[in-house]
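K.L.:
The structure follows.
We did not get these values from a lab; they are worked out from the coordinates using the rules stated. Quick caveat, the model's predicted, so the values are computed rather than measured. For neighbour counting, all protein chains shown are included, and Cβ atoms are generated from backbone atoms with ideal geometry for every residue, glycine included.
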Amino acid sequence: ERDLAPPLTVNARVAPLGSRLVLAMLEDRTRERRVEEVRRDFVANVSHELKTPVGAIKILAEAVEDAAEDPEAVRRFASRMRVESDRLTELVHQVIELSRLQATDPGDLQGVVPLDQVVAEAVDTSALDAASRDVTLVVRGETGLAVRGVPHLVSAAVSNLVANAVAYSGDHTCVVVETRADERVVEISVIDQGIGIAPAEIERIFERFYRVDPARHRSTGGTGLGLSIVKHVAATHGGDVKVWSVEGQGSTFTLVLPRHLATDTGTPGTEAAA
Ligand code: ADP
């Protein structure tokens, strides 16, 4: 039964209802199988990605034991251990976020998410990284907007977009977070002047664990999960995420989410540099 192949043709005129039912069942079975494959790939990828920093930390710990007489070397190894454990923490955090996303209760999607707060949090999270490379974070557009959804998921999505914009920007550039809305949806655009993305890569960057040429990146911290979280948050909320990018010039990611019109007090206009 497991190897049941879909029929090549189904004669709909003979038994329309029955064959449609069979087709639907087969489609269900194919979909189930695909979901199972994706799940298995994901577990394999996560295991692989977890093993890398754990292995590095073990080797570094051994190096610290061997270098007990050399304080300078101990300090160097310890600092690399910290980088690797940060990476591990980020990975675990994002995997948990992804699995929570998959278990989102439809009822939770009706929550009120104040967008100003979400944007402020996202900017805060990236402020240190931005300041260390003189990247200016600018927030502009409509204030007082509210999204209909799950607060921590909307926050995770916006934070990921801002963190990416800063991470893939050059020194002394600008990252703009712009909010606007119509009666139905809220749009949050994150605009950077960074390295950009080649057209051939654009399709793939939303895949789990996909990273464009990791060697080219200054940051070693990336997990390749950020944009898949953004995509899932958009899909779960009945929204969308769009990207425009020119290699060497910069990218704009726009997250579209349903507006919670009953509660927001949208007022167009203000600009603030953070
Ligand atoms: P990562 O943890 O590597 O940032 P993401 O899923 O967030 O993973 O992004 C996937 C890849 O897409 C990144 O590795 C990077 O190559 C590319 N990318 C994402 N955001 C940007 C951006 N603002 N500018 C240029 N490249 C980006």
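K.L.:
Inverting the mean 1/r over all pairs of different Cα atoms, compute the Kirkwood radius of the chain and quote it in Å.
P.N.:
Details: mean 1/r = 0.0468 Å⁻¹.
21.3 Å is the Kirkwood radius here.
K.L.:
Based on Cβ point charges of +1 for Lys and Arg and -1 for Asp and Glu, what charge dipole magnitude is obtained for the chain about its Cα centre, in debye rounded to the nearest 20?
P.N.:
Rounded to the nearest 20 debye, it is 900 debye.
K.L.:
Which residue, Gly18, Gly226, Thr252, has the largest displacement toward the positive end of the dipole of the chain when charges sit on each Cβ (Lys, Arg +1; Asp, Glu -1)?
P.N.:
Gly18
K.L.:
Using only the alpha-carbon atoms, what does region 131-183 span along each of its principal axes? Please give whole angstrom values in decreasing order.
P.N.:
Cα spread of region 131-183 along its principal axes, largest to smallest: 37, 21, 13 Å.
K.L.:
Considering Cα pairs under 8 angstrom that are at least six residues apart, work out the relative contact order of the chain and quote it in whole percent.
P.N.:
19
K.L.:
Excluding Ser155 itself, calculate the net charge of residues whose Cβ lies under 14 Å from the Cβ of Ser155, where each Lys or Arg counts +1 and each Asp or Glu counts -1.
P.N.:
-4
K.L.:
Per DSSP H run of at least 4 residues, take -39500 (n - 2.57); add these up for the chain, divide by its residues and hand me the 222 nm value, nearest 500 deg cm²/dmol.
P.N.:
When only DSSP H runs of four or more count, the value is -17000 deg cm²/dmol.
K.L.:
What Kirkwood hydrodynamic radius, in Å, does region 3-155 give when the mean of 1/r is taken over all pairs of distinct Cα atoms and then inverted?
P.N.:
Taking the inverse mean of 1/r over all distinct Cα pairs, region 3-155 comes out at 21.3 Å.
K.L.:
Hey, fewest Cβ within 10 Å first, where do Ile188, Ile229, Ile96 land in order?
P.N.:
Ascending number of Cβ neighbours within 10 Å: Ile96, Ile229, Ile188.
K.L.:
Region 84-164: percent of C-alpha pairs farther apart than 20 Å? Write down the numbers at each step before the final one.
P.N.:
Details: 1370 of 3240 pairs.
Tail of P(r) above 20 Å: 42 percent of Cα pairs.
K.L.:
The chain: longest stretch without exposed GluC sites (Glu not before Pro) (DSSP loop, at most 16 other Cβ within 10 Å), sites themselves excluded?
P.N.:
Maximal segment without exposed cleavage sites: 70-182.
K.L.:
Rounding to the nearest 20 debye, state how big the charge dipole of region 141-188 is about its Cα centre with +1 on each Lys and Arg Cβ and -1 on each Asp and Glu Cβ.
P.N.:
With Lys and Arg at +1 and Asp and Glu at -1, about 180 debye.
K.L.:
Given N residues in region 132-240, what is its alpha carbon radius of gyration divided by 2.2 N^0.38 Å?
P.N.:
Taking the Cα Rg and dividing by 2.2 N^0.38 Å, one obtains 1.11.
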